[in-house]
Amino acid sequence: MIIGVPKEVKDHESRVGITPAGVKSLVDAGHKVLVETKAGELSALPDEEYQSAGAEIVGSAHNVWGLADMVVKVKEPVEKEYQFFREGLVLFTYLHLAPVPKLTDELLAKKVTGVAYETIRDKTGALPLLTPMSEVAGRLSVQVGAAYLQIEHGGRGLLLGGVPGVPPGNVCIIGGGIVGTNAAKIALGMGAKVTIVDLNLNRLRELDDIFGGRVHTLASNTYNVARAAAEADLLIGGVLIPGAAAPKIVTRAMVEKMKKGAVVVDVAIDQGGCIETAKPTTHSDPSYLVNGVVHYCVTNMPAAVPNTSTFALTNATFPYVMRIAQLGVQGAIKADPGIAEGVNTYNGALTYKAVADSQGKPWKSITALV
């Protein structure tokens, strides 16, 4: 199989889909790997390392997409990449289709097989390719939030951990999953007062045990969420429904009652955001104000730390890249139910129910198509 690794073109997206170590494994297995020049440069992976590993360095994205049987990326394609779609192409990347019907339509029209990192499941039912970036984004959300609480970013001028004689800041985390747990670790490490809100009482019990009672846990309902948001200096959104648009847990009315200069970081923005006032932003223009509340809603947060993020992501994704390369996409779908769960589009059909429901489109089960 010919595997293509283009340079990412989303704003300040500095990660890369395969490392030189992955290239070597693919080449040793008899596959050909095309890497667009400088694709790994911002992750501290120069072309020379890819060449040494056996990759062919290609000068343009057009050639990478045009010659590859499977394209391995990090982020969902942006509009200028839609021209490269073609029938029979396998695209393996984060897709986050629910809030992007235009991308969905393009993949369907060109009959691209779109395999989404975020919906692949392992044997335990977990989301192994979403986990590493959720870990990074969760930890980064507190670092970013602490910075945006500084007065020069429009924040309250508050030191998250406080100092002796001055109380710490209040961090409220909506969602007790991977993002929320990792955010709590960093917030506690900074000395903040941390509250995690979740609908699942068993998960709240687990979190209470994990953190030894140092985190305040709160059952999710509109009253509790509104009160926690009003008290928060930093509000982090970390709600996930796999493949579907995120529910709006924090309403505009709740945001209006937050402290002036408080900060919102909505990590769920890739799936539309779980805070009603959140809208996608970029690393070039990351924040905006709503009623005096600073909002940071960058859709590719882990790109701020590409060296860490690239290795964390490819540690998880590469075994699936190899499986698809070795078996072909149809063979991999038949052999691995987890990969089948990852298929969102196939031969012109939408094959992931949560995306179909979010966009009001019909869908077909992938098992009925291969």
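Amide H contacts under 5 Å for VAL290: HIS295, restricted to partners 5 or more places along the chain or on a different chain, H placed in the peptide plane at 1.01 Å from N.
Using only Cα atoms, tell me the angle between helix 131-148 and the longest principal axis of the chain; keep it within 0 to 90° and round to the nearest 10. Result, in degrees: 40. Among LYS123, LYS24, LYS185, the largest mean-square fluctuation in a Gaussian network model of the chain (Cα springs under 10 Å) belongs to LYS123. Rolling a 1.4 Å probe across the protein heavy atoms gives the stretch 209-300 an accessible surface of 40 Å² per residue.
Among [x] 64, 44, 37; [y] 112, 57, 38; [z] 60, 55, 43, find the value of Cα extents along the principal axes in Å that was calculated from the structure presented, and write down its label. Working out Cα extents along the principal axes in Å from the coordinates points to [x]. When each of the peptides 84-94, 203-213, 57-67 is scored by how many other beta carbons lie within 10 Å of its residues on average, the order from highest to lowest is 84-94, 57-67, 203-213.
Using alpha carbon centroids, what distance separates the stretch 51-128 and the stretch 270-302, in Å? Going from one Cα centre to the other spans 25 Å. A cut-off of 5 Å between modelled amide H atoms, ignoring neighbours fewer than 5 places along the same chain, links VAL194 with VAL171, HIS216. Residues in the stretch 208-216 carry Karplus couplings, in order, of 4, 5, 4, 9, x, x, 6, 9, 7 Hz; the curve used is 6.51 cos²θ - 1.76 cosθ + 1.60 with θ = phi - 60°, and Gly or Pro positions show x. Contact order for the stretch 41-91, expressed relative to its length and based on alpha carbon pairs under 8 Å spaced 6+ residues apart, stands at 30 percent. Expressed as a fraction of 2.2 N^0.38 Å, the value expected for a compact globular protein of N residues, the C-alpha radius of gyration of the stretch 166-295 is 0.98.
Note on the stretch 34-96: with neighbouring protein chains present and a 1.4 Å probe, carbon and sulfur make up 47 percent of its accessible heavy-atom surface. Per-residue surface analysis assigns ASP122 an accessible area of about 60 Å², computed on protein heavy atoms at 1.4 Å probe radius.
Here the Gaussian network model covers the chain, with springs between Cα atoms less than 10 Å apart; of SER25, SER284, SER141, SER284 fluctuates the most.
The H on the amide N of GLY4, modeled in the peptide plane, is under 5 Å from the matching H of LEU34, ASP69, MET70, VAL71, VAL72, each at least 5 residues off or on a different chain.
First obtain the Kirkwood hydrodynamic radius of the stretch 252-365 from its Cα pairs, then insert it into the Stokes-Einstein equation at 37 °C and 0.692 mPa s, and state the resulting D in µm² per second as a whole number. For these conditions, the coefficient is 191 µm²/s. Based on C-alpha pairs under 8 angstrom that are at least 6 apart in sequence, the chain has a relative contact order of 18 percent. Report note on the peptides 6-15, 175-184: ranked by the mean count of other C-beta atoms within 10 Å, highest first, their order is 175-184, 6-15.
Sorting the segments 68-78, 214-224, 259-269, 41-51 by their residues' average number of neighbouring beta-carbon atoms within 10 angstrom, most packed first, yields 259-269, 68-78, 41-51, 214-224.
Both numbers refer to the Cα atoms of the stretch 203-248; Rg and Dmax are 12.5, 33 Å. Using a probe of 1.4 Å, the accessible surface attributed to LEU108 totals some 30 Å² when neighbouring protein chains are kept in position.
The figure for TYR117 is an accessible area of roughly 0 square angstrom, using a 1.4 Å probe on the protein chains alone. Only lysine pairs 8 or more places apart, or on different chains, with alpha-carbon atoms under 21 angstrom apart are counted in the stretch 1-76, and they number 14. Our coupling estimate for the stretch 103-113, obtained by passing each phi through the Karplus curve with A = 6.51, B = -1.76, C = 1.60 and θ = phi - 60°, is 5, 4, 4, 5, 5, 5, 5, 8, 6, 7, 7 Hz, Gly and Pro reported as x. Ordering ALA316, GLY138, VAL78 by Cα displacement along the dipole of the chain toward the positive end leaves GLY138 in first place; charges were set at the Cβ atoms of Lys, Arg (+1) and Asp, Glu (-1). The lysine pair tally for the stretch 220-370, using Cα distances under 18 Å and a gap of 8 or more places or different chains, is 5. Per residue, the chain reaches -10500 deg cm²/dmol at 222 nm when only DSSP H runs of four or more residues are counted, each adding -39500 (n - 2.57).
The values are calculated or read from the model by the stated rules, or taken from the named source; none is laboratory data. Predicted, not measured: the structure shown is a model, and the values here were computed from it. Note that each Cβ is placed from the backbone with ideal geometry, even for glycine, and that neighbours are counted across all protein chains shown. What goes into the accessible areas is simple: the full protein's heavy atoms, side chains included, and nothing from ligands, DNA or RNA. Shrake-Rupley method; radii C 1.70, N 1.55, O 1.52, S 1.80 Å.
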